[in-house]
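To start, the structure itself, in structure tokens.
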Amino acid sequence: MKAGPKPNVDGSPLPLRGSRRRELAVARFALDYIRAPRGHGASKPLRLRPWQRELIAATWDQRPAPRLAGWMLPRGQGKTSLTAVLALYELLAGVEGAQVVVVATDERQAGLTFRIAVRMVELHPELEARVQLYHDHMTVPARGASFHVLPAVPKRLEGLDYTLALVDEAGRVDTDVFEVVSLASGKQKASMVLAIGTPGPELSETVLGRLRTYATDHPTDPLVVWREHSAAGFEDHPVDCAHCWELANPALDDFLARDGLQACLPPKMREASFAGPGCASTSTSSRRHGSPRAPGPPAPTRPRRSPMGPRSS
């Protein structure tokens, strides 16, 4: 991000291959305008994977439109990049005057998504020409749209009016922060609160865990979406079970290297850490050993004894 006076911006609409299906529209936007800022495929067009598109479809393409979504994914599944793409799509292609906010456990954590989004803007001239970048927010003046990083302080979050609120690290974020953000969702005709994260200790006592429990107990509530990839039900499998790794980590052998997990196998680290939050992932379907993915948006899986990691689903 360059310091000094901001250049004049291009006020013309961004040429888009849109679609009534949000997942398809976002996938086209990512392929046309987003370059991977780092890691696997750095600087190449970003092609959303089918499991990522399923998450988007389940969250935005349902009718009636949900207001609240929870995604539980493990480390290494590209959560930050995916949320940055969603933020930029809302900013550039959402409703006129779109307002995007991101909160997390603190401003440093919230800033991770923002900094990835900044780099994505810098890597494509069509985006860079239309978006003005600042140290803690970006704007599209021609659309009256903005994307802000917010402090994780409830009193400073009062008065929010957003179309998309990203609650990052929802397995650790303060409950008061989440509630203040969520209570503002009715100010817009359509808005979304997306709580996304890796589960932490005492999952049931966290924002992410309570969303999971609610979605399990109320599977017909149309205003709440829950998606997780996990391997719960296979707790008796060994910690190096390849089947469980594949259930819990949809990015495995794609942009998550298998030998990265192998390098961390116990006893090099505690088994509870390896089979817990560090290797959890969201599952859009409930699966038996060796069975194929069920078609269509599935109901949330029922919580079991240990919901995360290579040994949980």
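The values are calculated or read from the model by the stated rules, or taken from the named source; none is laboratory data. Please read all numbers here as calculations on a predicted model, not as lab measurements. As a convention, Cβ positions derive from the backbone with ideal geometry for all residues, glycine included, and neighbour counts pool all protein chains shown. These accessible areas exclude ligands, DNA and RNA; they are computed on the full protein's heavy atoms, side chains included. Shrake-Rupley method; radii C 1.70, N 1.55, O 1.52, S 1.80 Å.
Observations
- Test: residue in the stretch 130-153 that is over 16 Å from residue 84 (Cβ atoms) and part of a helix (DSSP H, G or I): no
- Candidates 70, 41, 11: the one that is touching a residue at least 24 places away in the same chain (Cβ under 8 Å) and on the phi > 0 side of the Ramachandran plot is 41.
- Yes/no for residue 147 being aromatic (Phe, Trp, Tyr), touching a residue at least 40 places away in the same chain (Cβ under 8 Å), open to solvent by less than 40 Å² (accessible area, probe 1.4 Å) and within 14 Å of residue 166 (Cα to Cα): yes
- Residues (in contact (Cβ under 8 Å) with a residue 60 or more places away in the chain, out of contact with any strand residue (DSSP E or B) (no Cβ under 8 Å at 6 or more places or on another chain) and not in a loop (DSSP other than H, G, I, E, B)) located in the stretch 81-96: 89, 93
- Residue in the stretch 224-235 that is in a loop (DSSP other than H, G, I, E, B), at pLDDT below 95, among the aliphatic types (A, V, I, L, M) and crowded, with 21+ Cβ neighbours inside 10 Å present: yes
- Taken over the stretch 22-56, the residue count meeting the criterion of being at pLDDT below 95 and either open to solvent by less than 80 Å² (accessible area, probe 1.4 Å) or hydroxyl-bearing (Ser, Thr, Tyr) (or both) is 6.
- Test: residue in the stretch 9-21 that is out of contact with any strand residue (DSSP E or B) (no Cβ under 7 Å at 6 or more places or on another chain), surrounded by 12 or more Cβ atoms within 10 Å (Cβ to Cβ), in a loop (DSSP other than H, G, I, E, B) and of a type in the set (S, T, N, Q): yes
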